[in-house]
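The next block holds one structure in the form of C-alpha cells; read it before the comments.
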Amino acid sequence: MSSDWFKRRFLSSRSAAGRGQEAAQEPQWQEREGRQLLPLPYRRPKFLRGVSCSEERQSGKRPVRCPPRDRPLQWNTGYAEVINAQKSEFNEDQATCCQISIRKKDYGKEDDQEWLILCSTEYLTGYYWALFDGHGGPEAAIMASNYLHYCIKQKLEDVVRSITEDCPPMHLNGQCVCQSDPQFVEEKQIRQEDIVIGALEKAFQECDEVIGQEMEASNQSGGCTALAALYLQGKLYVANAGDSRALLVRKQSIIPLSTEFTPETERQRIQHLAFIYPKLLADEFTRFEFPRRLKGDDVGQKVLYRDYSMQGWGYKTVEKDDLKYPLIHGHGKQARLLGTLAVSRGLGDHQLKVIETVVEVKPFLSCLPKVEIFDLMVQNIKEDDVLIMATDGLWDVLSNEDVAQVVRRFLEENKTDPYRFSELAKCLVWKARGRKDGYYWTLANNTPASYDDISVFVIPLHNKDEKLGLCF
C-alpha cells in the first residue's frame, strides 16, 4: 500500500486548534539553520504522559523518565529512559507499547480506521512492545513508532484465517485446488508461526518504504533501528533490525532473543550491494575487505582479502583501485562502515554520510528483521522470568551477564513491591547512565558510563493474562 494512511493520520492534521498548550509548543514545518524540521512533532512516547520537549533540553541533566504509576502499561511492564549526555539535542530513542486488535478482514470497507482506540477481543488480541533508535536525528524513529504496529496489524489481518488454523491452507480462501495441497504444505513444514513471521517481515518492509518516501519528500536524512516484540496466541515473537537487544532473564539461565546487525554481520550483503550498484561507492571506496587499509607499496603484491561471496579469506594481487578507502574495516561493535561509526541497518536508514560525501542509499539496502520465537505455552514460566528490551545505550556498557545479575538481585529483594518491574527498568537505566563526575559520566567502578540515549522495557512473563494493563 502507499503512504496515504500515514499522511492522513499524522501529517495532515497539524492545526493546534483544540489541542491546547502541548500543540502550541510543537515544531511546525519551517527551516532552521538550513535544515527542515521533522514532519512529525517531536515528543516522548505517549505513555510517559507529561514529559515536555523543554525537559529534554536541560543542559547537562539526565533525569530518568518513567510512566506514571496510576497508568500502568500492559502486563505491568516496566519502562524507563534517559537522554544522552549532550550528544544530540533530542533523545533519538522512541518506544511504543500497545495492544493490537486483529479482526477478520472485511474487504471493501475503508481500512483507515482509528483502530488504536479499539481494544476489543472480537477475534485476536496481540500485545506489542517496540524500541527505535534514531540515527542522524529522531525523525525516522518517531515515524516508525507511530506506524510499524499499524503495518503489523494490517499484515496479520490479511492472513488471520491462516494463523488460526493448525495447518495453514495452501489457498487463503480455504479452497483445495489440488488434492495434494495439504501434503505439500506439510512437506514444506509450514506452520502457523511461519505465517506470523512472514507478516512481521512484510510489515517491516512496508514501514521502511513509507519512512523512505516521507524522509525523501521532506528532504531529510537519517534512519533508525527497530526492535519489536509481539505476543500472539501464546508465542512471543521478537523481530530485530539493528543493534538494540532483547534478553530473556530466568532464574538459572539467560536466553538472547535477538541478533544484532553490525557492519561485520552484514558485511556480505553490503559488499554485494556495492558490487551490484558501484555508483554507491562514489568512486572513493573499495568494496573489498582487507586486514588493514592498503598502501602504495602493496600494489602488485598478493595480499589477504575477501569479497561478498566469501566467508573465508583468499589472496589477490593489489591494484591501484584497491588503495581506496575500505567499505568495511575493523571488528564487531567498533567496525566502521564507509568511514563512519557503525550504523546498523534498520528502518528508514536510507542515507549513509561518508566524510564530506553523501551517498544516497535507496530502499533496496533495507534488510528484513531477524525473528526469534519463544513459546510461553510450553515453557515453565516462573514469577521472576522477564524479557529485557533495551537500546544500545544500555548494552554498550552492560553485558548480558551484568544485566541478568542486576535483574535477579533486584527481583529477589523486591518481591512485594507492586511497581517492581518499573523500578527495575529505572535501576537498569541508572546503572548504565552512571553518575556525573565533573564533566564525565562514570559507572560505579569508575569506568566510562553510557553517553548515549538509553531506553529499557522490563516485561514480566508470569501470569501474563492477568496483567493486561491499558491500551493505547
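The values are calculated or read from the model by the stated rules, or taken from the named source; none is laboratory data. The shown structure was predicted, so the numbers you read here are calculated from the model rather than taken from an experiment. Because the Cβ atoms are built from the backbone with ideal geometry, glycine has one as well, and the counts that use them run over all protein chains shown.
What residue, among those in the range 247-265 that are among the polar types (S, T, N, Q) and surrounded by 13 or more Cβ atoms within 10 Å (Cβ to Cβ), is nearest to Ala228 (Cα to Cα)?
The initial filter retains those residues of the range 247-265 that are among the polar types (S, T, N, Q), namely 252-253, 258-259, 262, 265.
Filter once more, keeping what is surrounded by 13 or more Cβ atoms within 10 Å (Cβ to Cβ): 258-259, 262, 265.
Values: Ser258: 10, Thr259: 12, Thr262: 18, Thr265: 20 Å.
Checked the range 247-265; the qualifying residue nearest to Ala228 (Cα to Cα) is Ser258.
Residue by residue through the range 239-253, note down the ones that are closer than 21 Å to Arg408 by Cβ and either part of a strand (DSSP E or B) or touching a residue at least 40 places away in the same chain (Cβ under 8 Å) (or both). Working first, answer last.
Of the range 239-253, the ones closer than 21 Å to Arg408 by Cβ are 245-253.
Matches in the range 239-253: Arg245, Ala246, Leu247, Leu248, Val249, Arg250, Lys251.
Could you please find all residues in the range 188-224 being over 16 Å from His149 (Cβ atoms) and in contact with a His (Cβ under 8 Å, 6 or more places away or on another chain)?
Passing the criteria: Gly212, Met215, Glu216, Ser221, Gly222, Gly223.
What are the residue pairs meeting all of these: first residue in the range 266-291, first residue touching a residue at least 24 places away in the same chain (Cβ under 8 Å) and surrounded by 18 or more Cβ atoms within 10 Å (Cβ to Cβ), second residue polar (S, T, N, Q) and outside any loop (DSSP other than H, G, I, E, B), Cβ atoms under 6 Å, and 6 or more apart or on different chains?
From residues that are touching a residue at least 24 places away in the same chain (Cβ under 8 Å) and surrounded by 18 or more Cβ atoms within 10 Å (Cβ to Cβ), the pairs are Arg287/Gln271.
Anything in the range 391-426 that is under 19 Å from Pro448 (Cα atoms) and either among the aliphatic types (A, V, I, L, M) or free of Cβ contacts under 8 Å to residues at least 40 places away in the same chain (or both)? List them, or say none.
Leu394, Val397, Leu398, Ser399, Asp402, Val403, Val406
Conditions first: (1) surrounded by fewer than 21 Cβ atoms within 10 Å (Cβ to Cβ); (2) at pLDDT 85 or above. Tyr231 passes all but one, so which condition is the exception?
Result: Tyr231 fails condition (1) only.
Check whether at least one residue in the range 254-269 is part of a loop (DSSP other than H, G, I, E, B), within 28 Å of the chain's Cα centre (by Cα) and modelled with pLDDT of 85 or more, and report yes or no. Full working, then the answer.
Let us first name the residues in the range 254-269 that are part of a loop (DSSP other than H, G, I, E, B), namely 257-266.
Imposing the further condition that a residue be within 28 Å of the chain's Cα centre (by Cα) reduces the set to 257-266.
If we keep only those that are modelled with pLDDT of 85 or more too, we end up with 257-258.
Yes - at least one qualifying residue is present in the range 254-269.
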